[in-house]
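Structure first, then comments.
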Amino acid sequence: MFNVFVYGTLKPGEINYFRYCAGKTCQERLAYAWGKLYALCLGYPGMAEGTERIQGVILTFEDEGVLEQLDQLESYSPDRPAHENEYQRREIIVYDGSGQPLDKAWTYFMSDQNIRRFKGVWLPSGCWSSYNSQRGEF
């Protein structure tokens, strides 16, 4: 089994959750991670390195094939040079609402260069939703 921390279109209720995750998870837990969250002009978010609390969900999977599908969605390949990937996948520690470590999880970080390239707008709330993104609200 493995965990993935999601903070954007892969969260339950968001568009890519239904295609890539629905019916495939064994557990889903609210969590947060440390980073800096941006809404991108592409209609989805990017998380960069940072010290802010990013709201999301830990999805637990049994099927390793799901991770390969998520890598494709996130335009990540460990075999490509980092600058050719849209995101970089890394394992991090995620936390519960009281700040206690929950577990390790894979997540997808975006470089500062790609954040600028995709006209990232900082989300000080640390929370992204497609509803607010479509309305142009941050």
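Taking the C-alpha atoms of the range 72-117, how large are the radius of gyration and the largest Cα-Cα span, Dmax, in Å?
13.1, 38
Treating each Cα of the range 55-94 as an identical point scatterer and ignoring solvent, apply the Debye formula and state log10 I(q)/I(0) at q = 0.14, 0.21, 0.27, 0.34 Å⁻¹.
Ignoring solvent entirely, the Cα scatterers give -0.36, -0.78, -1.06, -1.17.
What does the helix-only formula give at 222 nm for the chain: each DSSP H stretch with n ≥ 4 adding -39500 (n - 2.57), the total divided by the residues, and the result rounded to the nearest 500 deg cm²/dmol? Please list the in-between numbers first.
Working: 4 runs with 27 residues, N = 138.
For the chain, the value works out to -5000 deg cm²/dmol.
What's the FRET efficiency of Thr60 with Trp122 using the Cβ-Cβ distance as r and R₀ = 35 Å, to the nearest 0.05? Mind showing how you got there, number by number?
Numbers: r = 30 Å, r/R0 = 0.85.
The pair Thr60/Trp122 has a calculated efficiency of 0.75.
So, in Å, what gap is there between the alpha-carbon centers of the range 1-29 and the range 43-85?
Spelled out, the Cα-based centre of one part sits 12 Å from the other.
Considering all projection directions equally, how large on average is the shadow of the alpha-carbon convex hull of the range 2-133, in square nanometres?
Details: hull surface 29.8 nm².
Averaging across all directions leaves 7.5 nm² for the Cα convex hull.
In nm, give the distance between the simple-model label positions of Ala82 and Glu28, each being 7 Å from the Cα along the Cα-to-Cβ direction.
Going by the 7 Å Cα→Cβ label model, 3.2 nm.
Select from Pro78, Pro124, Pro101 the residue whose mean-square fluctuation is largest in a Gaussian network model of the chain (Cα-Cα springs shorter than 10 Å).
Taking springs between Cα atoms under 10 Å, the residue moving most is Pro78.
Within 13 Å, Cβ to Cβ, of Glu28, how many net charges do the neighbouring residues add up to if Lys/Arg are +1 and Asp/Glu are -1? List each step's numbers first, then the result.
Numbers: positive: Lys11, Lys24, Arg29; negative: Glu14, Asp103.
With Lys, Arg at +1 and Asp, Glu at -1, the neighbours total +1.
When Cys127, Cys26, Cys21 are ordered from fewest to most other Cβ atoms inside 10 Å of their Cβ, what list results? Before the final figure, lay out the partial values.
Numbers: Cys127 16, Cys26 10, Cys21 22.
In order of increasing Cβ crowding within 10 Å: Cys26, Cys127, Cys21.
In whole Hz, what ³J(HN,Hα) sequence does the range 91-108 give by Karplus (6.51, -1.76, 1.60; θ = phi - 60°), x for Gly and Pro?
8, 10, 9, 10, 10, 8, x, 8, x, 7, x, 9, 5, 8, 8, 6, 8, 10
May I ask for the net charge around Ala48, where only other residues with Cβ less than 9 Å from the Cβ of Ala48 are counted and Lys, Arg are +1 while Asp, Glu are -1? Before the final figure, lay out each step's value.
Values: positive: Lys36; negative: Glu49, Asp112.
Value of the local net charge: -1.
Can you list which of the trypsin sites (Lys or Arg not before Pro) found in the range 79-130 are DSSP loop residues with at most 16 other C-beta atoms within 10 Å?
Sites meeting the loop and neighbour criteria: Lys119.
Each value in this text was obtained by applying a stated rule to the coordinates, not by laboratory testing. Since the structure is predicted, the reported quantities are computational estimates derived from the model, not experimental observations. We place every Cβ from the backbone using ideal geometry, glycine too, and count neighbours over all the protein chains shown.
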